[in-house]
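Can you keep this structure in mind? I'll have questions shortly.
Each reported figure results from applying straightforward, stated rules to the coordinates on display, with no laboratory input. Keep in mind that this is a model prediction, so the values were computed, not measured. Every residue, glycine among them, receives a Cβ derived from its backbone with ideal geometry; neighbour counts consider all protein chains shown.
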Amino acid sequence: MKKALMISTVVLVFTAIGLFARGYTAPSPAAQETITGDWTAKVKQTDRGSVLWLSMNRNTDARRGRFQMSRDFPLQDFTGLNPNANSNVQFTLQREAGTVLFDGLFKDGRGVGDFKFTPNGGFVSTMRNLGYDDLPVEKLFVMAVHDVSTRFINELKSLGYDKIPVDKLIAMRIHGVDGDFIRRMQAIGYRDIPADKLIAMRIHGVDEKFIKEVEAMGYKNLPVDKLIAMRIHNINAETISKAKALGYGDLPLDKLFTMQIHGIDEEYVKSVQAMGYSNVPFDKLVAMRIHDVNGKYIKEIEEMGFSNIPVDKLIAMRIHGVDAKFAREMKDQGFSNLSVDDLIKLRIHGVDSNYIRRMRGNR
């Protein structure tokens, strides 16, 4: 009996040594976990054809909390899906990172039910070999949903994007930063763009078509940050054309950004011009907009009896709160012939109707 036990022990030891010699590693705990939850879905018609809008909610887990994920999928991504089954259904979403099994009911293109995600242990091992250790089951689930595969990772690596963090890989996949997009950018001279900026380009619609439009406007070889900013602030051929029509042609890009940021648009400029303020220098126009010196305010000042006030004084009046109400208060206190400079000085020194009444003893 003891001899048999010793032999068994020796066999087990040598078996273990052999496994480790061949590079054996224990399965990841995440590869043995699953995620369960409920789902709702409906078929939608888009310019890309029929898609399935799918929303998945993970079952409550006191340790990990609850999460919800929604997106659309091409119908062909699923195996066994019949959205018009009008009965109980079972279908799968099979990805390299794992498989999502859906059970439930589909009727007239709408479905509801439960799901279970099972990670692929082989994918976990391959990812470990690529330098991605200890991927939690939650990450594997998201990678499966968005189809972050080793093929995708290796394609990025071949283009110079190696060891990208998993969260960025997922973001790149979500926003369509793939080998095709990177190669298209490289073809028009944009190489070695950091992953974060590639994602931002995709989010804001900076592609080769937009870049060519920008070059046609006269802005060539712009840094990626500027291209993204142009998209964010909606600077395009129409914006530039309108600025020229208002008398502000050939502005540097930074000044076009300033116009958009502060809302210096056609309506504002024309309201100022209608009150006789044409050809205002750009920097002063910006200051007017910042301090809300607009057509309505200028008209109010003119109705106080002041006309053709220099732009700098209009700005100073606005900064110090000189308006029609303040001028009337001063007039009611017997100061009817004050100049613009007088009104500004009174405001600067805190002289208002309440102060005057106190000084006169009228409380």
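Looking at (1) 297; (2) 160; (3) 144, which value of volume of the Cα convex hull per residue in Å³ comes from a calculation on the structure shown?
(1)
Let me ask something additional. Could you pull out which residues in segment 92-135 have an amide N less than 17 Å from a spot 7 Å beyond the Cα of THR79, following the Cα-Cβ vector?
What the label zone holds, given the 17 Å backbone N cut-off, is 92-103, 116-123.
Counting alpha carbon pairs within less than 8 Å and at least 6 residues apart, what relative contact order, in whole percent, applies to the chain? Write down the numbers at each step before the final one.
On the way: 418 pairs, mean separation 29.9, N = 363.
Relative CO of the chain lands at 8 percent.
Sequence neighbours fewer than 8 away in the same chain don't count; with that in mind, list the lysines whose C-alpha is under 27 Å from LYS212.
LYS197, LYS220, LYS226, LYS242, LYS244, LYS255
Exposure proxy check: VAL322, VAL142 ranked by fewest other beta carbons within 10 Å?
Numbers: VAL322 26, VAL142 21.
The fewest-first ordering by Cβ neighbours comes to VAL142, VAL322.
Right, something else. ARG184 versus GLU33, label points 7 Å from Cα toward the beta carbon: distance in nm?
A separation of 3.7 nm, rounded to one decimal place.
For segment 227-294 and segment 114-184, what is the separation of their Cα centres, given in Å?
For segment 227-294 versus segment 114-184, the Cα centre distance is 44 Å.
Now for a different question. If the cut-off is 19 Å between C-alpha atoms, which lysines fall inside it for LYS44, apart from same-chain ones fewer than 8 positions away?
Within the straight-line cut-off, LYS44 pairs with LYS107.
Just grab the label-to-label distance for ASP332 and ARG360, each label 7 Å out from Cα along the Cβ direction, in nm (one decimal).
About 1.1 nm separates the two model spin labels.
Please identify every one of the trypsin sites (Lys or Arg not before Pro) in segment 222-320 that sits in a loop by DSSP and has no more than 11 other beta carbons within 10 Å of its own beta carbon. Walk me through the numbers on the way to the answer.
Numbers: sites: LYS226, ARG231, LYS242, LYS244, LYS255, LYS270, LYS284, ARG289, LYS296, LYS299, LYS313, ARG318; in loops: none.
Listed in order of number, the matching sites amount to none.
Rounded to the nearest 0.05, what FRET efficiency do ARG151 and ILE203 give with R0 = 25 Å and r taken as the Cβ-Cβ distance? Could you check?
Working: r = 24 Å, r/R0 = 0.95.
About 0.60, to the nearest 0.05.
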